[in-house]
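Written below as structure tokens is the structure these notes are about.
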Amino acid sequence: MKRIALTVALAAAFGGSLAHADTIKVGMAMDTSGPFAAVGGEVRDGFNLAIKQLDGKLGGFPAEFIAQDMAGNPDQARQLVNRFVQRDKIDFFTGPVGSNVALAVAPALFSAKVPYLTSNPGPSQLAGAGCNPYFFGVSYQNDAFDEAAGKVAADRNYEKMFIIAPDYPAGKDHLTGFKRGYGKPVGDELYTKLGQIDYSAELAQIRAAKPQAVFFFLPGAMGINFIKQFVAAGLNKDVVLLGPAFSGDEDIIPAVGEPILGMLNTAQWSPDLDIPANKTFVDEFRKAYDGRYPSVYAAQAYDVILAIDAAVKQVDGKVSDRDAVLKALKAADYNSVRGPFTYGNNNFPIQAYYLREVVKDQDGRLVNRMVSKVFDSYQDVYAKECKLN
């Protein structure tokens with residue numbers, strides 16, 4: 001979609017003109033096509049709800065939200081972000097979905113001193129020695145969900161684990177995070193072909209290994225097919241299925257259906273998190289989107305807009321004062337849907353993480369419900385490598 005069309009659409013959705021001499025500009029990477037399209041739709045819906053509630057403004061000041069579909073493509077994203085910086089003179093940037101794209105666009109944003117608030121990825125490269133004062137990992141650090149799942153497996157005394165992920169960098173990172181949280185040797189570790197959808201051979205290996213639990217990171221269609229085939233093979237009768245939120249979130253649940261019932265997953269947020277800000281968010285999201293429960297991706301995107309709004313309000317709209325903006329962002333002074341949290345020295349959140357289970361609500365809808373708190377105030381392991389204060 002072209003920039004003009006998207007800007008006009010946003011203006012129509014949020015009411016009134018978005019053009020103003022002193023308009024605050026936000027560049028938004030929208031992955032509404034490509035490999036992250038399903039997740040991109042969740043992110044878009046979270047953004048849109050927050051912007052609508054703020055009447056299209058930030059901190060009470062006129063705002064322009066310049067959305068571009070970056071299609072999960074690093075090269076395309078670089079070009080569009082350069083346009084954001086050079087032509088549009090953006091004041092803030094958010095998105096995209098994938099860590100590979102996030103890393104591709106970060107250098108141009110940092111060079112231009114544009115605050116970058118991630119609505120999803122939290123790559124380790126930006127959490128450790130490569131941390132930057134202009135990057136805020138509003139969502140989570142990539143390894144955290146997996147480390148929480150590893151702790152769950154250890155706490156439940158699952159002595160024999162089978163862990164599985166696609167054979168690419170993110171897959172290896174997720175299994176490394178699980179092993180770090182688990183804290184002892186796993187039984188079997190298997191890497192599949194990226195994009196694979198038939199898991200008959202892998203399921204046969206799981207059956208032969210007889211683990212107590214399987215931890216899997218298989219995003220999108222890979223995970224959907226894996227869960228269906230796992231249950232169809234009857235393995236769920238004897239083996240616990242555990243994953244990060246990406247493997248059992250509200251965007252995955254409808255595609256899998258009944259077979260996902262009972263699956264365990266870990267996240268820093270849950271639809272039933274019992275705080276006023278989250279209750280309001282979930283209620284308003286379901287009203288806006290035909291009763292659908294929001295996913296982690298939607299919740300994170302919603303929080304990003306609130307974070308920018310709070311910072312703009314704190315600096316009284318003077319977003320050209322970058323030092324003041326960074327200080328305001330670091331304060332995280334807004335009603336987050338996950339509850340109060342603080343940033344570590346590397347600008348990644350120190351926050352709680354939870355174990356969730358897919359259950360049926362009172363209306364028979366499949367949804368995640370919180371089981372327990374895994375970490376109370378968790379900081380990622382890379383923060384010690386960051387030289388920021």
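Sorted by accessible area (1.4 Å probe), largest first, how do LYS279, LYS387, LYS228, LYS330 line up?
LYS387, LYS279, LYS228, LYS330
Given a 1.4 Å probe and heavy atoms of the protein chains only, how would you sort SER200, SER320, SER139, largest accessible area at the top?
SER320, SER200, SER139
Quick one: helix 74-83 against the long Cα principal axis of the chain, what's the angle to the nearest 10°, folded into 0 to 90?
20
Set the Förster distance to 45 Å, then compute FRET efficiency between VAL371 and ARG322 from the Cβ-Cβ distance, nearest 0.05.
Efficiency for this residue pair is about 0.60.
Rounded, prolate or oblate: which one fits region 182-324, using the alpha carbon gyration tensor with axes a ≥ b ≥ c (rounded when a/c is under 1.5, else prolate when a/b beats b/c, else oblate)?
Judged from the Cα gyration tensor, region 182-324 comes out prolate (a/c at least 1.5, a/b above b/c).
Roll a 1.4 angstrom probe over the protein heavy atoms and tell me the percent of accessible area of region 247-337 that is carbon or sulfur.
Carbon with sulfur: 49 percent of the solvent-accessible area.
Mind running the shape call on region 288-389? Use the C-alpha gyration tensor, a ≥ b ≥ c as the square roots of the eigenvalues: rounded below 1.5 for a/c, prolate if a/b tops b/c, oblate otherwise.
Oblate is the answer for region 288-389, as a/c is 1.5 or above yet b/c matches or exceeds a/b.
Between LYS172 and ALA154, what is the label-to-label distance in nm when each label sits 7 Å out along the Cα-to-Cβ direction?
2.3
State in Å² the accessible area per residue of the chain; use a 1.4 Å probe, count heavy atoms of protein chains only, and round to the nearest integer.
Solvent-accessible surface per residue comes out at 40 Å².
Would you mind counting up the charge near ARG44? Only other residues with Cβ under 11 Å from its Cβ, with Lys and Arg at +1 and Asp and Glu at -1.
-4
If amide hydrogens are placed 1.01 Å from N in the peptide plane, which non-local residues have theirs closer than 5 Å to the one on ALA352?
TYR378
Evaluate the relative contact order of region 344-389 (contact order divided by residue number), counting alpha-carbon pairs under 8 angstrom at least 6 apart; express in whole percent.
Taking the mean separation of contacting Cα pairs over the length of region 344-389, I get 48 percent.
Report in % the part of the accessible area of region 20-171 that belongs to carbon and sulfur, leaving out ligands and nucleic acids; probe 1.4 Å.
With neighbouring chains kept in place, the figure for region 20-171 is 48 percent.
Do you know the relative contact order of the chain, to the nearest whole percent, from alpha carbon pairs under 8 angstrom that are 6+ apart?
17
Among bridges DSSP assigns within the chain, what percent are antiparallel (round to 5)?
In the chain, approximately 35 percent of DSSP beta bridges are antiparallel ones.
To the nearest 10 degrees, how steeply does helix 200-209 sit against the main Cα axis of the chain, on a 0 to 90 scale?
60
Can you give me the angle between helix 37-53 and the longest principal axis of the chain, using Cα atoms only, in degrees from 0 to 90, rounded to the nearest 10?
40
The values are calculated or read from the model by the stated rules, or taken from the named source; none is laboratory data. Predicted model, so just to flag it, every value in this text is computed and none were measured. FYI the Cβ positions are ideal-geometry reconstructions off the backbone, even for glycines, and counts take in every protein chain you see. Ligands, DNA and RNA are excluded from the accessible area calculation, which covers all protein heavy atoms including side chains. Shrake-Rupley method; radii C 1.70, N 1.55, O 1.52, S 1.80 Å.
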